[in-house]
Structures are given as structure tokens and as C-alpha cells.
Amino acid sequence: MELDSKIREELHFLIMEVMGQIGATGNYLSSFDQSFCRQVLKKEDYIDNLRTNIENQCFSLLITHPDLEQQTVNRVRGIHTISTNLKHISSFAVNIVRQVEFLFDRTLWLSFDAASMLAIIENCLEQIAPALENSDMGQALDLCHCEFEIDRLYLVNFNRIMADLRKGSSIESYITILFIFRYLERIGDALLNIGEATL
């Protein structure tokens with residue numbers, strides 16, 4: 001049995017919405033324009049509703065079609081895991097923009113490179129739908145490998161923050177910056193989960 005087209009359609013919408021939210025997060029972190037902050041926060045409930053709809057449809061399909069082939073069952077379970085982790089990414093984006101209000105020294109933030117991590121995240125999000133549609137193991141593995149590069153960049157920034165904290169100035173801003181990078185790193189963890197579910 002072909003996977004329910006409604007589930008695939010809603011997953012596509014969910015991916016697009018999360019991509020838009022991550023793009024707005026990056027724009028907010030580089031400009032502090034409140035319109036981007038509002039975009040990120042405004043999407044939270046809609047993304048959660050999409051994820052809930054996908055979850056309900058996945059469970060309904062499994063319950064109403066107990067004779068599904070194992071491959072289809074695995075695919076439904078994978079889509080449920082992917083949608084759950086996309087919701088996590090959305091929540092991390094919301095947490096990131098909310099941290100900015102505690103960033104007293106915004107010039108200090110701009111001296112850090114979050115754009116490289118966000119570029120990797122956006123690239124990974126773009127690969128999810130093609131990896132699923134094409135059943136492409138190479139693309140799925142690329143999703144998993146993104147997490148390692150995000151971790152590497154997180155460690156670079158973590159080490160700089162720790163070194164600067166030891167100097168004893170702008171402590172509140174450095175702690176806020178650490179939180180922001182920690183949420184970006186956790187997005188990498190969610191992308192790894194998505195890659196594994198795709199596999």
C-alpha cells in the first residue's frame with residue numbers, strides 16, 4: 001500500500017515551515033530586527049499543529065490497516081520520528097530568539113560565527129524531503145553527518161566562550177551566547193535523529 005498522500009503532503013508543509021523558521025532565526029540573529037523574531041514565534045503553534053496532525057494520521061494508518069507491509073510500517077514510524085524532531089527544531093528556534101532579550105552586548109554576539117552552523121542546518125533541512133522521496137541512503141547519511149560538523153563548530157565557539165569567561169567581563173552576555181550555541185547544537189542532534197529515521 002502506498003503511503004497516505006495526506007501524510008506526505010503535511011510532512012512537506014512541516015519541513016517548509018521549519019525551514020522558514022530557521023531562516024527567520026538566522027536573520028534575527030544577524031540584524032536583531034523584531035519582525036524576524038515575530039515570524040519565528042508566530043509559527044510555533046502552526047508547526048505544533050502540523051506535527052500533531054501527522055502523528056494522528058500515522059497512528060490512524062497503523063491502527064486501521066493492520067495488514068500493512070513491514071516496509072510501509074517502518075516508513076510510517078520514520079515519518080512520525082521525523083515530524084517529532086522537526087517540532088524539536090522549531091522549539092529550539094523559539095528558545096534561541098527568546099534568549100536574545102538577555103543579550104546585553106549585541107556587538108559581542110556579532111563577533112561570533114553562528115551563520116556557519118545555521119547554513120549547515122538549512123542545507124540539511126532541504127535534504128530531508130528528497131532523501132525520503134528518493135529513498136536515497138547517501139542523502140540520509142549526509143543528514144547524519146551534518147551533526148558532526150555542527151558539533152565541531154559548537155566546540156570551537158564553546159572553547160572561545162570559556163576562554164573569554166575566564167577574563168571576567170560581559171559574563172551575562174557570554175552565558176546567553178553559550179545558551180544560543182547550545183540550542184544550535186541540539187538542532188544538530190535532532191537532525192541526526194531525522195537522518196537515522198530516514199535510513
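Looking at (1) over 15 Å from Ala129 (Cβ atoms); (2) surrounded by 19 or more Cβ atoms within 10 Å (Cβ to Cβ), which is the only condition Gln34 fails?
(2)
With within 25 Å of Arg51 (Cα to Cα), among the hydroxyl-bearing types (Ser, Thr, Tyr) and open to solvent by less than 50 Å² (accessible area, probe 1.4 Å) as the only criterion, which of Thr198, Thr176 stands out?
Thr198
Do you know which of the residues in region 44-71 that are surrounded by 12 or more Cβ atoms within 10 Å (Cβ to Cβ) and in contact (Cβ under 8 Å) with a residue 60 or more places away in the chain is nearest to Leu199 (Cα to Cα)?
In this case the residue turns out to be Leu68.
Look through region 1-15, keep the residues that are in contact with a Leu (Cβ under 9 Å, 6 or more places away or on another chain) and either modelled with pLDDT of 95 or more or in a helix (DSSP H, G or I) (or both), and return whichever of them is farthest from Ile120 (Cα to Cα).
That would be Ile7.
Does Leu141 meet the test of being open to solvent by 50 Å² or more (accessible area, probe 1.4 Å), part of a helix (DSSP H, G or I), farther than 25 Å from Lys43 by Cα and among the aliphatic types (A, V, I, L, M)? Show your work before the answer.
On the way: open to solvent by 50 Å² or more (accessible area, probe 1.4 Å): yes; part of a helix (DSSP H, G or I): yes; farther than 25 Å from Lys43 by Cα: yes; among the aliphatic types (A, V, I, L, M): yes.
When the stated conditions are applied, Leu141 passes them.
Can you tell me which residue is nearest to Met137 (Cα to Cα) among those in region 151-173 that are touching a residue at least 60 places away in the same chain (Cβ under 8 Å) and either open to solvent by less than 60 Å² (accessible area, probe 1.4 Å) or part of a loop (DSSP other than H, G, I, E, B) (or both)? I'd like the intermediate steps shown before the answer.
Of all residues in region 151-173, those touching a residue at least 60 places away in the same chain (Cβ under 8 Å) come to 170, 172-173.
Imposing the further condition that a residue be either open to solvent by less than 60 Å² (accessible area, probe 1.4 Å) or part of a loop (DSSP other than H, G, I, E, B) (or both) reduces the set to 170, 173.
Values: Ser170: 46, Ser173: 41 Å.
Selected residue: Ser173.
With (1) open to solvent by 60 Å² or more (accessible area, probe 1.4 Å); (2) over 22 Å from Ala119 (Cβ atoms); (3) not hydroxyl-bearing (Ser, Thr, Tyr) as the list, and Ile7 as the residue in question, which single condition is left unmet?
Tallying (1) open to solvent by 60 Å² or more (accessible area, probe 1.4 Å); (2) over 22 Å from Ala119 (Cβ atoms); (3) not hydroxyl-bearing (Ser, Thr, Tyr), Ile7 fails exactly one: (1).
Which residue pairs have Cβ atoms under 7 Å apart, sit 6 or more places apart or on different chains, and have a first residue in region 103-125 that is in contact (Cβ under 8 Å) with a residue 12 or more places away in the chain and a second that is open to solvent by 20 Å² or more (accessible area, probe 1.4 Å) and of a type in the set (Phe, Trp, Tyr)?
So the pair list comes out as Arg106/Phe32.
Report yes if some residue within region 119-127 is closer than 20 Å to Ile54 by Cα and open to solvent by less than 10 Å² (accessible area, probe 1.4 Å); otherwise report no. Full working, then the answer.
Filtering region 119-127 down to residues closer than 20 Å to Ile54 by Cα leaves 125-127.
Pick out the ones that are also open to solvent by less than 10 Å² (accessible area, probe 1.4 Å) and you get 125.
Yes; the residues of region 119-127 include at least one that is closer than 20 Å to Ile54 by Cα and open to solvent by less than 10 Å² (accessible area, probe 1.4 Å).
The values are calculated or read from the model by the stated rules, or taken from the named source; none is laboratory data. What you see is a predicted model, and the numbers here were worked out from it, not measured in a lab. Note that we place each Cβ from the backbone using ideal geometry, even for glycine, and neighbour counts take in every protein chain shown. Protein only, heavy atoms only, side chains kept; ligands, DNA and RNA dropped before computing areas. Shrake-Rupley method; radii C 1.70, N 1.55, O 1.52, S 1.80 Å.
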